[in-house]
Amino acid sequence: MTMKKGKIAVLAGDGIGPEVMREAIKVLRAAESRYGLRLDLTEAPVGWAGIDAEGHALPEKTLALCRQADAILFGSVGLPQRDASLPKEQRPERASLLRLRREFGLYANLRPVKLYPALAHICPLRPERQGEGIDILVIRELTAGLYFGNPKMTEEIVEILQERGKPLRFQRAVDSMVTTTPEIERIAHVAFQAAKTRRRKVTSIDKANVLENGVLWRDVVSQVGRGYPDIALEHMFVDNGAMQMILRPAQFDVLLCENTFGDILSDEAAALAGSLGLLPSASLGQGKGPTVFGLYEPAGGTAPDIAGRNLANPIAQILSAALMLRHSFGQEEAAAGIERAVVSVLENGVRTRDLLGPGERGGRAAGTNEMGDAIAAALAAL
Ligand code: IPM
Ligand code: MG
């Protein structure tokens, strides 16, 4: 398939970021030759790698590279042991990841969660609870809600006059949840459109019984839903949603959530797949054509405890690269090819350490690089 050269900013970041990124690049190169793609991959530092190289978690040069790119392939940032030494605003998660989401208007976060039949034994749920299978697309609003409310104050010092006339000083933190109609509308459209290509069901999550944000959310999602008569819409309070997720996850197809609820429920859903090392994500901006600018990253973190030891599972990073080919470059065939290659490697029993089931603990696990090699080879052989 012909395409104009795709420009990709590769920001591997910290911890296991660089080693899983290496495998994603390996698989992208294999996809290039298999599908005739033309990819221009340029690496730049972010997170602690940025601070160490340029004194900032998102160096100017890195941001400039992102601005010229069609997509950002992101690893992970933050090292808890070092983060504490910095003022909150300069810490990698806020100064780079949240900044990029905001800077590029990446409002639509897609987190596909699948329990692969080959890995059903590492799902924390008993087989009867797994039902007909777990295949959930969490769609999380990513640039509004509680994460980006205004006011957002921390450590405000408040003095209150006590009954006995003695002032008491204490701290107070304020984070506000602010969501507007257009913000809800556009993310709702993303959810309904996605449902069209899946099992045609949207479950919208809110807390409309308590929060005004939830009332508005439910209202606007229902209105948008009227434009999609062939998609079933269901509303669920977030606490119930969290419970349903572990009682009967097979009921969910597309799960539409506000920023914070989506953060929490996507981790819960991720746990059902057996390992965080499997889950990719796409954060998309507003696009005019069929392809959009996006940032693609694994759902897991930097895992400093296993970093640099060839133990990390690169699948989440590799599947994130597949999402990138699909959403930012319109290369459906190559994206689906990478996804099929991952499935076949899992079916052939290749396992990084995190994928070994209780009965397999003594077995030999594949290293990060071996998993990448296996997927690249499977792709070439498709
Ligand atoms: C995620 C992460 C981020 C978030 C952190 C790292 C800021 O948990 O992408 O889910 O809370 O959005
Ligand atoms: Mg999270």
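The relative contact order of the chain comes to 22 percent, based on Cα pairs under 8 Å that sit 6 or more residues apart. Of the complete DSSP H runs in the chain, those spanning 24 angstrom or more by Cα along the long axis with a mean Kyte-Doolittle score not below -1.0 are 17-35.
Using a probe radius of 1.4 angstrom, the carbon and sulfur fraction of the accessible surface of the chain is 52%. If only the Cβ of Lys and Arg carry +1 and only the Cβ of Asp and Glu carry -1, the dipole of the chain around its Cα centre is close to 440 debye.
Reported to the nearest whole Å, the Cα centre-to-centre distance from the range 25-54 to the range 162-203 is 34.
Could you sort out which of LYS4/LYS61; LYS61/LYS288; LYS201/LYS288; LYS26/LYS114; LYS152/LYS201 sit more than 32 Å apart by Cα distance in this structure? As for pairs spanning more than 32 Å Cα to Cα, those are LYS152/LYS201. In this structure the amide hydrogen of GLY330, modeled in the peptide plane, comes within under 5 Å of no amide hydrogen from residues 5 or more places off or on another chain. Residue separation of ARG364 and ARG102 scaled by 0.36 nm, minus their Cα-Cα distance, works out to 90.1 nm of gained length. Annotation for the range 202-302: trypsin sites (Lys or Arg not before Pro) lying in DSSP loop with at most 13 further Cβ atoms inside 10 Å of their Cβ are LYS288. When the Cα positions of GLY363, ALA84, VAL215 are compared along the charge dipole of the chain, GLY363 comes out farthest toward the positive end, with charges on each C-beta of Lys, Arg, Asp and Glu. Computed from the C-alpha gyration tensor, the three semi-axes of the ellipsoid equivalent to the range 10-129 are 28, 22, 14 Å, from longest to shortest.
In this structure the range 45-203 gives 53 Å² per residue of accessible area when probed at 1.4 Å with all protein chains present.
When each of the peptides 42-53, 227-238, 255-266, 186-197 is scored by how many other beta carbons lie within 10 Å of its residues on average, the order from highest to lowest is 255-266, 42-53, 186-197, 227-238. Considering only the other residues whose Cβ falls under 13 Å of the Cβ of TYR107, what net charge follows from Lys and Arg at +1 and Asp and Glu at -1? That works out to -1.
Counting Lys +1, Arg +1, Asp -1, Glu -1, what net charge surrounds ASP83 among other residues with beta carbon under 11 Å of its beta carbon? Local net charge: +2. Bridging of LYS88 to aspartates and glutamates at a Cα separation below 19 Å is possible for ASP14, ASP52, GLU54, GLU103, GLU155, GLU156, ASP175, once same-chain residues fewer than 8 apart are set aside. A cut-off under 9 angstrom between Cβ atoms defines the neighbours of ILE231, and their net charge, with Lys, Arg +1 and Asp, Glu -1, is +2. Length, then width, then depth: along the principal axes, the Cα atoms of the chain run 77, 52, 48 Å. Of the GluC sites (Glu not before Pro) found in the range 112-217, those that fall in a DSSP loop while having at most 12 other beta-carbon atoms within 10 Å are GLU132, GLU163. Probing with 1.4 Å while keeping every protein chain in the model, the per residue accessible area of the range 232-382 equals 37 Å².
The values are calculated or read from the model by the stated rules, or taken from the named source; none is laboratory data. Quantities reported herein were computed from a predicted structural model and do not represent experimental measurements. Please note: Cβ atoms are built from the backbone with ideal geometry, for glycine as well, and neighbour counts cover all protein chains shown. The accessibility values were calculated without ligands, DNA or RNA, using every heavy atom of the protein model including side chains. Shrake-Rupley method; radii C 1.70, N 1.55, O 1.52, S 1.80 Å.
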